[in-house]
1. Can you find, among SER219, LEU170, VAL121, the residue farthest towards the positive end of the dipole of the chain? Put +1 on the C-beta of Lys and Arg, -1 on that of Asp and Glu.
2. Tally up the carbon and sulfur contribution to the accessible surface of the chain as a whole percent, 1.4 Å probe, everything protein left in place.
3. Can you count the Lys pairs in the chain whose Cα atoms are under 26 Å apart, with each pair 8 or more apart or on different chains?
4. When the chain is fully extended, how far beyond the present Cα-Cα distance does VAL50 get from ALA164, taking 0.36 nm per residue of separation?
5. Rounded to whole Å, give me the distance from the Cα center of the stretch 71-147 to that of the stretch 171-199.
6. Per residue, how many Å² of accessible area does the chain show with a 1.4 Å probe?
7. Over the chain, with a Gaussian network built from C-alpha contacts below 10 Å, which listed residue (ALA268, ALA233, ALA44) shows the highest mean-square fluctuation?
8. Any idea what the dipole of the chain comes to, in debye rounded to 20, about its Cα centre with Lys/Arg Cβ at +1 and Asp/Glu Cβ at -1?
Amino acid sequence: ICGAAAGISAVLGAPVAGALFAVEVLFADNINYRDLFPALLSSATSFLVVYTRHDYQPFLGHIEHSGFFQLGYLPALVAVGIAATLFGILFCKVFSFVNDRLTKYVPRLSLRCLVGAALVVGTAAALGPFGRALLGPGIEFIKDIVAGRIPAVQGGPAGDILPARIVVILVFLAAGKMLATSFTIGSGLSAGLTYPSILVGAAVGSAGARLAGVDPAASPETHYAFVACGVAALLASVMNIPLAAAILVAEIFGFNQSVPGIIGSVIAYSLARHIVIYRYK
């Protein structure tokens, strides 16, 4: 627990969420102070060690204009929370299906890993210039989505791309990332679930913001709210960590975005608390 808490804290720059993350994953319905306090100490120590480095940069960089979102978009935020939760449920189902089928039909691990790698490459190739978001954690794509930037087909900024097309691109990125992650882990290859979940949630949130008529350049704080809601809902529905998800988005987006994080987490926990991507033994 302490090691996991320290790792999340160091990578995401979120000491409180890191501790809750580690404890909730293992003891979601039975959190004990005897587990939480050592995790908090480990997480805080890890954050201090990383923070004292001169080249330290926050996970999403230094977010500017992180004011409070416009309250008129509250119904749309609820809709995004529901949509992101449905994506999270789909993620769990796809992951389970891929893992079961690959294990059943390709029992040899070495061959299964080759099949998984081929499926990931094929999925990335199908997305063309956006396929590189599926390879690796996709941190730069997460930053682009949060900032409202979507790479164009030519590799430049997204200024001339129609909003409807951007929504389609974001949805395909979310679906592709779910598939690529499922193929990778389901085949026995090494990968994590945290970054993919953040990317999928950010993509769903940004798509929802654009459908609601939010211009990321004109109203960045409202766009951040939609992304934060999507990220919280995805993490809470996929990993069953509602408290950690709500606090995580507050720590990385700023506490003005804590309300969207709570909305996403509560919706996800209400709809998907009995579904989790991990299999406990």
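The values are calculated or read from the model by the stated rules, or taken from the named source; none is laboratory data. What you are looking at is a predicted structure, and each value in this text was computed from that prediction instead of being measured. All Cβ positions, glycine included, derive from the backbone under ideal geometry; neighbour counts span all protein chains shown. Side chains included, ligands, DNA and RNA excluded: accessible areas come from the protein's heavy atoms. Shrake-Rupley method; radii C 1.70, N 1.55, O 1.52, S 1.80 Å.
1. Towards the positive end, the residue furthest out is VAL121.
2. 66
3. Taking the chain as the scope, the lysine pair count is 6.
4. 37.0 nm
5. The stretch 71-147 and the stretch 171-199 have Cα centres spaced 4 Å from each other.
6. Accessible surface, normalised per residue, equals 46 Å².
7. The residue with the greatest mean-square fluctuation here is ALA44.
8. With Lys and Arg at +1 and Asp and Glu at -1, about 960 debye.
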